[in-house]
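Written out below as structure tokens is the structure these notes cover.
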Number of protein chains: 2
Amino acid sequence: LSPGAMARARDHQDRLTKPRGALGALEDVSVRLAGLAGDCPPPLPAPAALAIFAADHGVHAQGVTPWPQEVTAQMVANFLAGGAVANCFAAQVGASVTVVDVGVKTPLPEDPALVSEKVAPGTADMTRGPAMTPEQARAALEAGIRVAAELVRRGARCLVTGDMGIANTTASAALICAFTGRPAEEVTGRGTGVDDETHARKIEVVSRALALHGLTTAPRAVPGSPAGVERALATLAAVGGLEHAAIAGFVLGAAARRVPVILDGVIAGAAALVAAGLSPDALGACVAGHRSPEPGHGAALAHLGLRPLVDLELRLGEGTGGLLAHPLVCAAVRVLHEVATFDSAGVADKN
Amino acid sequence: LSPGAMARARDHQDRLTKPRGALGALEDVSVRLAGLAGDCPPPLPAPAALAIFAADHGVHAQGVTPWPQEVTAQMVANFLAGGAVANCFAAQVGASVTVVDVGVKTPLPEDPALVSEKVAPGTADMTRGPAMTPEQARAALEAGIRVAAELVRRGARCLVTGDMGIANTTASAALICAFTGRPAEEVTGRGTGVDDETHARKIEVVSRALALHGLTTAPRAVPGSPAGVERALATLAAVGGLEHAAIAGFVLGAAARRVPVILDGVIAGAAALVAAGLSPDALGACVAGHRSPEPGHGAALAHLGLRPLVDLELRLGEGTGGLLAHPLVCAAVRVLHEVATFDSAGVADKN
């Protein structure tokens, strides 16, 4: 982030016709995006492009969710047909929707609108071994980087993360535990609304996986250092999902192009921990779209130092919370472009 | 609110391709708007129209703010020139902006874009007598009703409240105390950011006004009953502002036409207490756009039973927080129009 552009943005906010600081958290967003662009005002973060990364999870076999695994593929079809909530919210905010298969288990029908980056037909069960090989994790990361690059090339000026993968809140909880050092019972939530018995099993499954892979304490290595990068990749491969890997790459790809990326909920939060482990600077491109009621999401955001913009108990994923934040991010930046100063408008400042 | 339409909206939400309840507070908004319209799905709440009601306050003489009173008129000019944050946010969400003079003290230049409903050149000082006569309060209420009717007639399908009036957080605090029975020190905030000394004076001024007018306890009369209406009108006239009266009328006008009205911050919250005192049913049309950091706003929302959609420490007024909520309200309703059901999309429900 450019300190000069950030200072100019703060100064400019203080000259606008409003009490100082009156736009609260939105002033911080505008300053951050000025820093990312190295310019004040930064470019308007529009149009936005949502990428929904879909994949399946071997840990589904452990009974962590009441939803059948086929729903991942069925929801991919629903996204492509325009029938999901993510499509509806994208239409509301003028965002495009790109659906990416990074690892759906069920065979998908050919569809020219589906981006196929399938690395494997789902991950392996993290309670029996690593979820991914190092090569698979790396391939999914690179797929995410490629998708970000392509969307920016086609004109997107803001990216939004989306995900679909039955059982992916379990993998998210494991990633968040491994990066923050918090225990599974603090971080593992009810996802789409599981019952007490399934919730207890989910916690036990996450604990077992962390123990198996030696991930019960927070990493000591400095994020971004060679040891930090190695630990982040090993953690991702051990307990992550293919969509987590792809979203981490998507964040890195956005940051490399200095385009803001709005993080959706707990899956994106887990993936952002991976991205920050690989390259802490990438966090500068991240805006936390919303706060999910999943306890792990709060833990991830606190660890990343990000403040969510929308907090409405959304627990759907797909990018829905990130999309709803897009008009807020635009509004924050637009203020720096359009609002008059005390001088220009002839308005008296306070005594 | 129509119970039948609300039940149909809830049922429909449960059939959509998402886990039940996964859209959190937005599902409640969609159900409420179905009840308001008496139809499911309810009409999309767009386009939106913001009305900014501007007025001055006699209590300014008590030194409750560092801003000169002339700023009210200067900001009216800024709204008309398109240079304020409210204009910027309105452009972001596609809302029209109507500026209404209900009681600005400083003479305003002629401008065909300014709606003149001036009832008086500001209120009187509420620490020395009633801020308004009963006739003035009633005239300002009627002005608000007229503006709502006119905006709906011109095609608005969602109204947003806005305000401008130096010292109006002081009048808001007094209104909120009088309707909720809470003490001035709990409700009176720092408005645009006053220092400790001014804040202490503001609390003392509010307490003094409440004592003078016999408003130190919550009303016993049932809202909407003849005695409740009388008490609401008397409270409004004693300690309210002309823009509070107009916004209360605006809410009543929206409710009468079954058009949703998004409340902005603490001024709108105080005005909504007046509207609810006059006609409790009017609350069915209200959506709380955001939560301001003013302590009185939280008290007003709790009393009204409304949950704010945006919570970003905005403390600007003008309608800015209400405008930012508009895309969220649209998204909530749009889901009922566009999202596929489990059956129609061929997606399996959970086991």
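The values are calculated or read from the model by the stated rules, or taken from the named source; none is laboratory data. Small disclaimer: the values here were computed from a predicted structure and weren't measured. Here the Cβ positions follow ideal geometry from the backbone for every residue, glycine too, while neighbour counts run over all protein chains shown. Calculation scope for accessible area: heavy atoms of the full protein, side chains included, ligands and nucleic acids excluded. Shrake-Rupley method; radii C 1.70, N 1.55, O 1.52, S 1.80 Å.
Please say if chain B is rounded, prolate or oblate, where rounded means a/c under 1.5 for a ≥ b ≥ c the square roots of the C-alpha gyration tensor eigenvalues, and otherwise the choice is prolate for a/b larger than b/c and oblate otherwise? Because a/c hits 1.5 or more and a/b exceeds b/c, chain B counts as prolate.
Look at the dipole of segment A:48-328 built from charges on Cβ: of A:V261, A:I176, A:V102, the Cα furthest out on the positive end belongs to A:V261.
Using heavy atoms of the protein chains and a probe of 1.4 Å, the accessible area assigned to A:R258 is about 130 Å².
Mean silhouette area of segment B:65-174, derived from the convex hull of its C-alpha atoms and averaged over all directions, reads 7.8 nm². The long axis of helix B:295-304 is offset from the longest Cα principal axis of chain B by roughly 50 degrees. Only helical runs count toward this figure. For chain A, summing -39,500 (n - 2.57) over DSSP H runs of n ≥ 4 and dividing by all residues gives -16000 deg cm²/dmol at 222 nm.
Comparing B:I262, B:I176, B:I145 in a Gaussian network model of chain B where C-alpha atoms under 10 Å apart are linked, the largest mean-square fluctuation is found at B:I145. Accessible area ranking (1.4 Å probe, heavy atoms, ligands and nucleic acids excluded), largest first, for A:T72, A:T217: A:T217, A:T72.
Considering only DSSP beta bridges where both residues belong to the protein assembly as shown, give the percentage that are antiparallel (nearest 5). Walk me through the intermediate numbers first.
Details: 3 of 49 bridges.
That works out to approximately 5 percent antiparallel.
When the Gaussian network model of chain A links Cα atoms closer than 10 Å, the mean-square fluctuations of A:V147, A:V194, A:V251 top out at A:V194. Basic side chains Lys and Arg get +1 at the Cβ, acidic Asp and Glu get -1 at the Cβ, and with that the dipole of chain B about its Cα centre reaches some 780 debye.
Dipole orientation for segment B:48-328: of the candidates B:G228, B:A49, B:V85, B:G228 has the Cα lying most toward the positive pole (charges on Cβ; Lys, Arg +1; Asp, Glu -1). In this simple spin-label model, placing a label point 7 Å from the Cα along the Cα-to-Cβ direction at both B:A91 and A:E185 gives a separation of 5.5 nm. When only the Cβ of Lys, Arg, Asp and Glu is charged (+1, +1, -1, -1), the dipole of the protein assembly as shown relative to its Cα centre reaches about 20 debye. Close amide H pairs (under 5 Å, H built 1.01 Å from N) link B:A340 with A:A84, B:T17, residues at least 5 positions away or on another chain.
How far is helix A:134-153 tilted, in degrees, relative to the longest principal axis of the Cα atoms in chain A, given as a value from 0 to 90 rounded to the nearest 10? Long axis of A:134-153 versus the principal axis of chain A: about 30 degrees.
Restricting to segment B:48-328, compute how many DSSP beta bridges are antiparallel as a %, nearest 5.
0 percent
For segment B:159-300, the spherically averaged projection of the C-alpha convex hull amounts to 7.4 nm². Amide H to amide H distances under 5 Å link B:G181 with B:A218, where only residues 5 or more positions off or on other chains count and H is placed in the peptide plane.
Using the structure shown, list the pairs from A:K18/B:K118; A:K202/B:K350; B:K18/B:K350; A:K350/B:K105; A:K350/B:K118 with a Cα-Cα distance above 21 Å, or answer none. Kindly include the intermediate steps, with their values, before the conclusion.
Numbers: A:K18/B:K118 24 Å; A:K202/B:K350 17 Å; B:K18/B:K350 10 Å; A:K350/B:K105 18 Å; A:K350/B:K118 25 Å.
A:K18/B:K118; A:K350/B:K118, as the Cα separations exceed 21 Å there.
Computing the accessible area with a 1.4 Å probe over protein heavy atoms, can you report the carbon and sulfur percentage for chain A? Within chain A, the accessible surface is 52 percent carbon and sulfur. Build a GNM of chain A with springs between Cα atoms under 10 Å apart, and of A:A218, A:A254, A:A272 the one that fluctuates most is A:A218. Seen against the Cα atoms of chain B and their longest principal axis, helix B:320-338 is set at about 20 degrees.
Taken one residue at a time, the phi angles of segment B:221-231 give Karplus couplings (6.51, -1.76, 1.60, θ = phi - 60°) of 5, 5, x, x, 6, x, 5, x, 5, 4, 5 Hz. Gly and Pro are set to x. Summary value for segment B:48-328: 25 percent relative contact order, contacts being C-alpha pairs under 8 angstrom separated by 6+ residues. Which far-off residues, 5 or more places away or on another chain, put their amide H under 5 Å from the one on B:D163, with H placed in the peptide plane? It is B:F53, B:E318, B:G319, by chain and number.
Among A:E318, A:E197, the sequence by solvent-accessible area, most first, with a 1.4 Å probe is A:E197, A:E318. Shape verdict for the protein assembly as shown, please, from the Cα gyration tensor: rounded (a/c under 1.5), prolate (a/b greater than b/c) or oblate. Taking the square roots of the gyration eigenvalues as a ≥ b ≥ c, the protein assembly as shown is prolate. When B:F342, A:F53 are compared by accessible surface with a 1.4 Å probe, the order from highest to lowest is B:F342, A:F53.
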